[in-house]
Amino acid sequence: MTLLYSFLTLNILAFIITAYDKRLAITHKKRISEETLLTFAAVGGTIGSALAMYIFRHKIAKKHYLFKFFRIVFIQILIIGVLFYFDIFNENYIIKSK
C-alpha cells in the first residue's frame, strides 16, 4: 500500500511541477530545468508528467525533450515487462525471496 501512495504522490508532484514550469514559461520567468522534469518522470512520475504535458500543451513541440521522455517511458515499459515475464510480482516469489 505504501508503494501505491508513493506512486500517487510522485505523479501528483510531477504534474504540479510540469504545470508550474508551464506557468513560468508563460510569464517569462526562470524555468525548471528539463533535467528535473525528466528525473521526476524517470523515478515514476511518468503518468503525471504526460498528463500535464497533454493538458497544458507543455514541451510537446520540443523534439529533443520528447525523445528523452519517450525513451524513459520505453525503458519503464521494458522493466515492467521483464518483472511480469519473470513473475516477480507474484506473492509467492516475494515470500520465497525473504
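Each reported figure results from applying straightforward, stated rules to the coordinates on display, with no laboratory input. Note that the coordinates shown come from a computational prediction; the quantities given were computed from them, not determined experimentally. Note that we place each Cβ from the backbone using ideal geometry, even for glycine, and neighbour counts take in every protein chain shown.
Values as computed for the structure displayed
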| read-out | value |
| --- | --- |
| Structure-based [θ]222 nm, the chain - -39500 (n - 2.57) summed over DSSP H runs of at least 4, per residue, nearest 500 | -24000 deg cm²/dmol |
| Label point distance in nm, Ser33-Val82, each placed 7 Å from Cα along Cα→Cβ | 2.7 nm |
| In Hz, Karplus ³J(HN,Hα) per residue of segment 9-19 (6.51, -1.76, 1.60; θ = phi - 60°; x = Gly, Pro) | 4, 4, 5, 5, 4, 4, 4, 5, 5, 5, 5 |
| Paramagnetic reach from Phe74 (point 7 Å along Cα→Cβ, amide N under 18 Å) across segment 1-25 | none |
| Where Cα atoms sit under 29 Å apart: lysine pairs in the chain separated by 8 or more or lying on different chains | 14 |
| Among Ala14, Ala25, Ala52, residue whose mean-square fluctuation peaks in a GNM of the chain (springs only between Cα atoms under 10 Å) | Ala25 |
| Rounded to the nearest 20 debye, dipole of the chain from Cβ charges on Lys, Arg, Asp, Glu | 540 debye |
| Selection of trypsin sites (Lys or Arg not before Pro), segment 1-97, meeting DSSP coil and at most 15 other Cβ within 10 Å | Lys29, Lys30, Arg31, Arg57, Lys62 |
| The chain, relative contact order [Cα under 8 Å, separation at least 6], % | 26 percent |
